[in-house]
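The values are calculated or read from the model by the stated rules, or taken from the named source; none is laboratory data. For clarity, every value in this text was computed on a predicted model and none was experimentally measured. Because the Cβ atoms are built from the backbone with ideal geometry, glycine has one as well, and the counts that use them run over all protein chains shown. To get the accessible areas, we keep the full protein, side chains included, count just its heavy atoms, and leave off ligands, DNA and RNA. Shrake-Rupley method; radii C 1.70, N 1.55, O 1.52, S 1.80 Å.
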Amino acid sequence: ESPWVPEGTVSYEFLFPGESEKQMVEYAEELFKSGSLHVADVSLAYGAIPAILSRDNLPAEPGQPPTRAVAFLDGHVEAVPLADWDTRITPFLR
């Protein structure tokens, strides 16, 4: 649960519930081959595959663009700017 939303509110969304890591990587490979996943090499896909998304924007700092927290398959978490959402996250939304 996110600390920025009312208690009991669903804060995060799993993109691939029940799918194996292998299935997620195969899907990323398909996206890479089709040109929808923009990484230098498909071996970098682990760091580009979003696994968990925050459902709400993070609190914005003055002068900063709106962002959402995203946990990626390789375990790192980023505050992804909404301006980058269509190129980085949307291809994984089925």
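Here the contact order of the chain, divided by its residue count and restricted to Cα pairs under 8 Å and six or more residues apart, works out to 25 percent. A P(r) calculated from all alpha carbon pairs of the chain, with 5 Å bins opening at zero, reads 3, 13, 23, 24, 18, 11, 6, 3, 0 percent. List the GluC sites (Glu not before Pro) in the chain that DSSP assigns to loop (not H, G, I, E or B) and whose Cβ has at most 15 other Cβ atoms within 10 Å. Which are they? Hits after loop and neighbour filter: Glu1, Glu7, Glu19. Rounded to the nearest 10 degrees, the angle from helix 21-34 to the longest Cα principal axis of the chain is 70 degrees. Per residue, the chain exposes 63 Å² of solvent-accessible protein surface, assessed with a 1.4 angstrom probe and all protein chains in place. How much of the accessible area of the chain, in percent, comes from carbon and sulfur atoms when a 1.4 Å probe is used? Using a 1.4 Å probe with all protein chains present, the chain comes out at 53 percent carbon and sulfur. Add -39500 (n - 2.57) for each DSSP H run of 4 or more in the chain, then divide by its residues: what number comes out at 222 nm, to the nearest 500 deg cm²/dmol? Roughly -5500 deg cm²/dmol at 222 nm, from the helical runs in the chain. Charge dipole (Cα centre; +1 on Lys/Arg Cβ, -1 on Asp/Glu Cβ; no other charges) of the chain amounts to roughly 160 debye.
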